[in-house]
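For reference, the structure discussed in these notes is given below.
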Amino acid sequence: MRAALVDRAEETETGTGKRDVFPLPKRATAPSDRAPVLLEANPEVTGSAITVPGDPFYATVMRRRLRTLASLPDWEIRPVALLASELFNNCIRHTRSGDPGGEVTISVFKLAGRIQVRITDAGPREGEITVPHLRPLDPENESGRGLHLVATNASRWGTIHHDDGRTSVWFEVDRIERTSAKPADHTER
């Protein structure tokens, strides 16, 4: 992961000979970021949370982290990574997370029979009110489909409005019980 960040810094070398330095992700320490949204009492929980700069490059870092934390086969983590990427991009597009110095917190939890991901933004931009919501689908518009992807592909999802102005969008994807680590459409030849 660090090598990817160094490569990125080298790609953005300025004409003055100085390089932009991209910070490494940091562990999120706020208790609210490190606790899952629970729909039942006393589940066994394994989880982690990181905070990354609100730069589109960090979507790749987030997806790698999801793959590592979830410890799921590729065919099962792919839809989770897609939904998390949509929410991450919404944060940088619609909130202070995308402004200079903005951050996004990604929380991942392995719960009984499912995985939960929560993406938390830095709050609305000055003078704006942003509330994640499903927009009517417009075939002429290239945007506005992210939450529809989440609503369609997640088993459950919702939003949390924090007292400090931040907003979290969370989703859960139920695990698929298989007798093999191969996807159902895989056939032996």
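The values are calculated or read from the model by the stated rules, or taken from the named source; none is laboratory data. Keep in mind that this is a model prediction, so the values were computed, not measured. Quick reminder, even Gly has a Cβ in these numbers, built from the backbone with ideal geometry, and neighbours come from all protein chains shown. Calculation scope for accessible area: heavy atoms of the full protein, side chains included, ligands and nucleic acids excluded. Shrake-Rupley method; radii C 1.70, N 1.55, O 1.52, S 1.80 Å.
Table for the structure above
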quantity	calculated
Rounded to whole Hz, the Karplus (6.51, -1.76, 1.60) HN-Hα couplings of the range 157-170, x for glycine and proline	7, x, 10, 10, 9, 7, 4, 8, x, 6, 10, 10, 10, 10
The range 54-180: equivalent-ellipsoid semi-axes (sqrt of 5 x gyration tensor eigenvalues, Cα, Å)	25, 17, 14
For the range 66-73, Karplus couplings with θ = phi - 60° (6.51, -1.76, 1.60), whole Hz, Gly/Pro x	4, 4, 5, 5, 6, 6, 10, x
Percent accessible area from carbon and sulfur atoms, the range 72-166, protein chains only, probe 1.4 Å	50 percent
Highest-first arrangement of 55-67, 79-91, where packing means the average Cβ count within 10 Å	79-91, 55-67
Neighbourhood charge, 10 Å Cβ-Cβ cut-off, centred on residue 102 and excluding it, Lys, Arg +1 and Asp, Glu -1	-2
Packing rank of 131-142, 95-106, 157-168, 115-126, where each peptide gets the mean count of other beta carbons within 10 Å, highest leading	115-126, 95-106, 157-168, 131-142
Net charge of neighbours whose Cβ lies under 15 Å from the Cβ of residue 169, counting Lys and Arg as +1 and Asp and Glu as -1	+2
